[in-house]
Amino acid sequence: MKIHKQQLLFLLGFRRLLVVGIIVAIAYCSICIFLFVQQPKFIFFPSRVIEKTPELFNLPYQEVWLPVKTSLGKVEKIHGWWIKANQPDAKVLLYLHGNGINIGANIAHTHRFYQLGFSVLLIDYRGYGRSQGDFPNEMRVYQDAATAWQYLTQQQQIPPQQIFIYGHSLGGAIAIDLAVKHPQAAGLIVESSFTSLYDMVSTRKWFAIFPINLILTQRFESIKKVSQLQMPVLFIHGTGDSTVPSLMSQKLYDAAPEPKQLILVPGAEHNDVAVVSGGKYLQWVQSFIQKVQLRNNSHI
């Protein structure tokens with residue numbers, strides 16, 4: 001049977017399209033597998049170099065090394081700074097930083113809380129700064145935060161009702177997770193944080209071509225947890241935040257039970273809320289602390 005020239009051209013063209021389609025499918029699947037396996041590298045951006053210490057602000061501090069047992073039974077140590085306030089029985093802040101650099105990049109903000117009379121425990125998750133361990137992931141940072149809580153309540157013997165939990169950005173998601181697990185804490189401050197990692201990825205349009213819900217292993221689903229909070233919570237966010245839309249803090253606020261408060265700072269970006277708001281930032285936090293203390297006293 002003879003094959004006409006047009007039929008031959010059609011078959012050749014179809015074959016080329018089939019080959020191209022197979023190549024595209026293989027490339028697509030390869031990218032999906034890469035994103036599945038390597039996604040922590042797109043979320044966490046640790047640095048081992050600590051450029052600033054509490055000495056920059058003449059803060060008295062103690063180096064702390066907190067042991068964490070891995071799933072394999074190995075013990076790794078978290079590094080942190082315990083910055084103790086001058087006054088006895090001071091309220092305590094557990095500071096959980098975001099996904100970038102390490103505790104050295106958070107000294108200026110730590111100093112603000114110290115000015116408010118807090119003793120501050122500032123830790124690096126495993127893989128950050130001087131902390132031991134492999135590259136971080138969601139489960140590890142939750143465990144690291146729990147270890148810091150245990151250090152405060154058991155080793156330092158600080159009553160949970162005296163401890164405030166603070167988290168910035170990704171640290172806000174870690175703080176919400178910890179607060180849900182320890183409802184006896186005094187209060188929670190969540191700054192410039194997000195509803196979930198899925199929602200964050202959804203704001204990056206080019207990821208829409210991938211089955212994100214199937215690929216995503218690092219979820220940080222704060223929006224599903226925040227309704228379980230049993231303590232006062234303060235949300236702070238800059239309206240000019242180009243990293244995490246301030247609408248996400250609005251959604252977290254809407255989902256959280258009372259007592260709660262939301263402060264939106266006009267024009268502030270992701271990392272400069274306290275700078276843009278100036279002295280008001282300390283006033284907001286101080287007011288929140290006073291409300292918490294009044295609430296606690298009324299329950300005695």
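Every read-out reported here was derived from the displayed coordinates using simple, explicitly stated rules and does not represent laboratory data. All values reported here derive from a predicted model rather than from experimental measurement. Glycine gets a Cβ as well: all are built from the backbone with ideal geometry, and neighbour counts include every protein chain shown.
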*What is the dipole size for the chain, taken about its Cα centre, with +1 at each Lys and Arg Cβ and -1 at each Asp and Glu Cβ, in debye to the nearest 20?*
1060 debye
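Counting only helical runs of four or more DSSP H residues, what would the 222 nm mean residue ellipticity of the chain come to if each run contributes -39,500 (n - 2.57) and the total is spread over all its residues?
Values: 11 runs with 120 residues, N = 300.
It lands at -12000 deg cm²/dmol.
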_Mean separation of Cα contacts under 8 Å (6+ apart) over length of the chain, as relative contact order %_ = 14 percent
_Under the Debye formula (equal points on every Cα, no solvent term), log10 I(q)/I(0) of region 47-298 at q = 0.08, 0.15, 0.16 Å⁻¹_ = -0.29, -1.08, -1.25
*Residue farthest toward the positive end of the dipole of the chain, with Cβ of Lys/Arg at +1 and Asp/Glu at -1: which of Val285, Thr195, Ala105?*
Thr195
*Provide the net charge surrounding Leu252, with neighbours chosen by a C-beta distance below 10 Å and charges set as Lys +1, Arg +1, Asp -1, Glu -1.*
+2
*Ranked highest first by the average count of other Cβ atoms within 10 Å around their residues, in what order do 246-255, 65-74 fall?*
246-255, 65-74
*DSSP beta bridges in region 47-298, what fraction antiparallel, as a percent rounded to 5?*
35 percent
*Pop the C-beta distance of Gln184 and His111 into the FRET formula with R0 = 25 Å and round what comes out to the nearest 0.05.*
0.35
_Relative packing of peptides 231-238, 290-297, 121-128 - highest average C-beta neighbours within 10 Å first_ = 121-128, 231-238, 290-297
*Based on alpha-carbon positions alone, could you give the equivalent ellipsoid semi-axes of region 37-140 from the gyration tensor, as √(5λ), descending, whole Å?*
26, 15, 11
*Around Lys91, which amide H atoms from residues at least 5 apart in sequence, or from another chain, sit under 5 Å from its own amide H, with H modelled in the peptide plane?*
Ser119
*asked:* I need the helices of the chain that pass two filters: whole DSSP H segments spanning 30 Å or more by Cα along the axis, and mean Kyte-Doolittle score no lower than 0.0.
replied: 5-38
*Within-13-Å neighbourhood charge of Gln132 [Cβ basis; K, R +1; D, E -1]*: +3
*asked:* At 20 °C and a viscosity of 1.002 mPa s, what translational diffusion coefficient does Stokes-Einstein give for region 196-298, taking Rh as the Kirkwood radius over Cα pairs? Give it in µm²/s as a whole number.
replied: 139 µm²/s
*Pair Met139, Glu55: separation of 7 Å Cα→Cβ label points (nm)*: 3.9 nm
_Whole-number percent relative contact order across region 26-124, with pairs defined as alpha carbons under 8 Å at least 6 apart_ = 31 percent
*Name the residues whose placed amide hydrogens come within less than 5 Å of the amide hydrogen of Asp241, ignoring near sequence neighbours (fewer than 5 apart) on the same chain.*
Ser246
*Have a look at region 87-208 and give its Rg and Dmax from the Cα atoms, expressed in angstrom.*
14.8, 53
